[in-house]
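Below is one structure, written out as structure tokens; comments come after it.
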Amino acid sequence: MTASTPPRTSSRLVSPLGRRRPAPPALVLVAHGSRDPRALTTVRALMDRVRALRPGLPVRLGHIELTAPLLPDTLAALGDTPAVLVPLLLGRGYHVRQDIPEMAAAAPGSTRTAPPLGPHPLLAEALHARLTEAGWPAGLDDTARRSTAVVLAAAGSRDPDSAADTRRTARLLSARLGVPVVPAYASAAAPTVPTALRALAARGRHRVAVASYFTAPGRFATQCAAQAPWIASAPLGAHDAMAHLVLRRYDQSLKAPARAAA
């Protein structure tokens, strides 16, 4: 630097009055975790998209189980840095009600926990895009509509609110596609994907796609896709709509009144 060159300052961190702005709370993506190595690759790709949309925002990753880094380790590494936890989960359930709040309460820094990603119209947008990638036709005439349907394949939960969230997403997707969308589950809830397929066939719906309502690849997503009689979409993954939804949940959580940790 020459004597005539003014020192550089960060325009993002210094206010017009010359005071340094506080850094934003870290965004911690909370993934479930999976033994399938594709899951970690997918979640990291989503994290990269979030970072590209919001440069300068610290984004971290923590898993509930099975995969490192585990959420408690991520929160410990942040120390006293405030954080907003955004679950990469698609509805309410035990992890949202119990596991994540308990881990957040044990964190050394202050935390907020955003709602799960679903239900939300951006998820229906991502589901539609993944179906289109798998071969969903751009247009359906009336005859095709009468024989076509979608099974929205989700992980499943014993929590009735989780099923309610999945049903709402099914309605949002049905409105986009113009055909029936039936929720079905890999475990813990009914109907199963094969049961839903049989019920649709009995109603004359013989061309049925399976929409993968999973954030990332894993055992359940693979199992459900293998049962598709026609096409099966890929998990939601690092779709742009997912990245935008993550940031929307982050921003909404910051605007909401702070609540004591459960």
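The values are calculated or read from the model by the stated rules, or taken from the named source; none is laboratory data. Because the structure is predicted, anything quoted here is derived from the model rather than measured. Backbone-built Cβ (ideal geometry, glycine too); neighbour counts: all protein chains shown. SASA here: full protein model, heavy atoms, side chains in, ligands and nucleic acids out. Shrake-Rupley method; radii C 1.70, N 1.55, O 1.52, S 1.80 Å.
Excluding ligands, DNA and RNA, the accessible surface per residue across the chain is 51 Å² with a 1.4 Å probe. Testing the spin-label approximation: label points 7 Å from Cα along Cα→Cβ at D161 and T195. State their distance in nm. So the two model labels end up 2.4 nm from each other. Dividing the helix sum by the residues of the chain, where each DSSP H run of 4 or more adds -39500 (n - 2.57), gives a mean residue ellipticity at 222 nm of -12000 deg cm²/dmol.
Atom-type composition of the exposed protein surface of the stretch 12-166 places 54 percent of the accessible area on carbon and sulfur (1.4 angstrom probe).
The length gained on full extension between D48 and R35, counted as 0.36 nm times the residue separation minus their Cα-Cα distance, comes to 2.6 nm.
For the stretch 86-191, averaging the sequence separation of C-alpha pairs within contact (under 8 Å, six or more residues apart) and dividing by the residue count gives a relative contact order of 31 percent.
Top mean-square fluctuation among Y250, Y94, Y185, Gaussian network model of the chain, C-alpha springs under 10 Å? Taking springs between Cα atoms under 10 Å, the residue moving most is Y94.
Rank L89, L46, L140 by mean-square fluctuation in a GNM of the chain with C-alpha springs under 10 angstrom and give only the top-ranked residue. The residue that fluctuates most here is L140. The mean sequence distance of close C-alpha pairs (under 8 Å, at least 6 residues apart), as a share of the length of the stretch 103-261, puts its relative contact order at 30 percent. Largest GNM mean-square fluctuation across P183, P25, P137, computed for the chain with C-alpha springs under 10 Å, falls on P137.
Positive end of the charge dipole of the stretch 16-154 (Lys, Arg +1 and Asp, Glu -1 on Cβ, about the Cα centre): tell me which of P22, A153, G135 has its Cα farthest that way. Checked the options; the winner is P22.
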